[in-house]
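Below is one structure, written out as structure tokens; the observations come after it.
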Amino acid sequence: MGITKTDFMRGMQCERMLWLDRHHPEFKVIPPFVQKRLDRGNEFGDSAMGIFGEYTEVKEYYPGTKYPDKVKMAAKTRELLSEDTKIICEAAFMDGEGNYCAADILRKTDDGYEMYEVKNSPSVSETFVKDTGFQAYLIRKCGVFLKRVFILFNSGDPEDPFEIEEITDRTNRYAVWVEENIGKLGEIAQQSGEVLTEMGSQCSYPYKCWYYGYCEACSSQMKIEDVLE
């Protein structure tokens, strides 16, 4: 079983976070304000799908849920690519190791493909660029000639909310970083024993970890045991 873009980015922040995501997601606590921000981001992403005109959205879910069936998502994307579909939203890709990602908008041009990642943010952060590094690495590994990469972000103008910035060169540099680390993180995600990492700056940057309370409790318990010994 491989890893997703989210797995990769969380694993680069903290390997223990990645391990807990895979083995003990029940310890995760998502603050309500964070969930609202995520929901707003999804709504903004949905509103951007038609920015270039008619599109096809890949929607392959497990029965009775809204959870993507990654294998079927990737298979449907391959089918659409073979049909020269011009614009694919939620285009999904999976390699032989099971590593997976989805692109918000994949657009066919005369000389290849362009990817647009949609972010409900007033600017382009370095974390967003790192995200696209994972996607670019995997999309190209799956045989797609991805030539240009863009972030589509929120201009703040209700009448014209979509602003676009090209980040191709920066994305390409991070794609190399992804290739160098993806195998290691895949092994960490699958190992049986819990990854033990001391709490530090990685607990809050670039995002506060959703397992902060769990790790804090574990750290306190370890200190008590040290005293008792």
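The values are calculated or read from the model by the stated rules, or taken from the named source; none is laboratory data. This structure is a prediction, so every number in the text was calculated from the model and none was measured. With ideal geometry, Cβ positions are generated from the backbone for all residues, glycine too; neighbour counts draw on all protein chains shown. Ligands, DNA and RNA are stripped out before the accessible areas are found, and what is left, the full protein with its side chains, is counted by its heavy atoms. Shrake-Rupley method; radii C 1.70, N 1.55, O 1.52, S 1.80 Å.
Probe radius 1.4 Å, ligands and nucleic acids ignored: give me the carbon and sulfur share of the accessible area of segment 125-170 as a rounded percent. Carbon with sulfur: 47 percent of the solvent-accessible area. Here segment 1-112 has 51 percent of its accessible surface on carbon and sulfur atoms, given a 1.4 Å probe and all protein chains in place.
Over the chain, the ratio between the Cα radius of gyration and 2.2 N^0.38 Å evaluates to 1.10.
Over 22 Å apart at the Cα level, from the set Lys72/Lys130; Lys72/Lys119; Lys36/Lys147; Lys76/Lys141; Lys5/Lys208; Lys28/Lys66, are Lys72/Lys130; Lys72/Lys119; Lys36/Lys147. Using the Cβ of Arg170 as centre and a radius below 14 Å, the other residues enclosed give a net charge of -3, where K and R count +1 and D and E count -1.
For segment 98-103, 3J(HN,Hα) computed residue by residue from phi via the Karplus equation (6.51, -1.76, 1.60; θ = phi - 60°) reads x, 5, 9, 8, 10, 9 Hz, glycine and proline entered as x.
Taking amide H as placed 1.01 Å from N in the peptide plane, the amide H of Val149 sits under 5 Å from that of Met115, Ile167, Thr168, each at least 5 places away or on another chain.
Annotation for Tyr62 and Met199: the two label points, set 7 Å from Cα along the Cα-Cβ direction, are 3.2 nm apart. Charge tally for Glu83 (other residues, Cβ to Cβ under 13 Å; Lys, Arg +1; Asp, Glu -1): +2.
Take every Cα pair under 8 Å whose residues are at least 6 apart in sequence, average their separation, divide by the length of the chain, and the relative contact order is 23 percent. What is the distance in Å between the Cα centroid of segment 36-53 and that of segment 90-157? One Cα centre to the other: 15 Å. Compared with the direct C-alpha span, the chain from Lys208 to Glu180 gains 7.6 nm at full extension, assuming 0.36 nm per residue.
Find how much the distance from Glu83 to Glu216 grows on full extension, using 0.36 nm per residue of separation minus their present alpha carbon separation; answer in nm with one decimal. Don't jump to the answer; show the numbers that get you there.
Working: separation 133, 0.36 × 133 = 47.88 nm, distance 5.14 nm.
Length gained between Glu83 and Glu216: 42.7 nm.
Treating r as the C-beta distance of Glu43 and Ala75 and R0 as 30 Å, the FRET efficiency rounds to 0.65. With the simple model of a label 7 Å out from the Cα in the direction of the Cβ, Ser125 to Lys36 spans 1.8 nm. Between Arg140 and Glu166, full extension at 0.36 nm per residue minus the direct alpha carbon distance yields a gain of 7.6 nm. Each principal axis of segment 1-78 carries a Cα extent, and these read 42, 31, 28 Å when sorted largest first.
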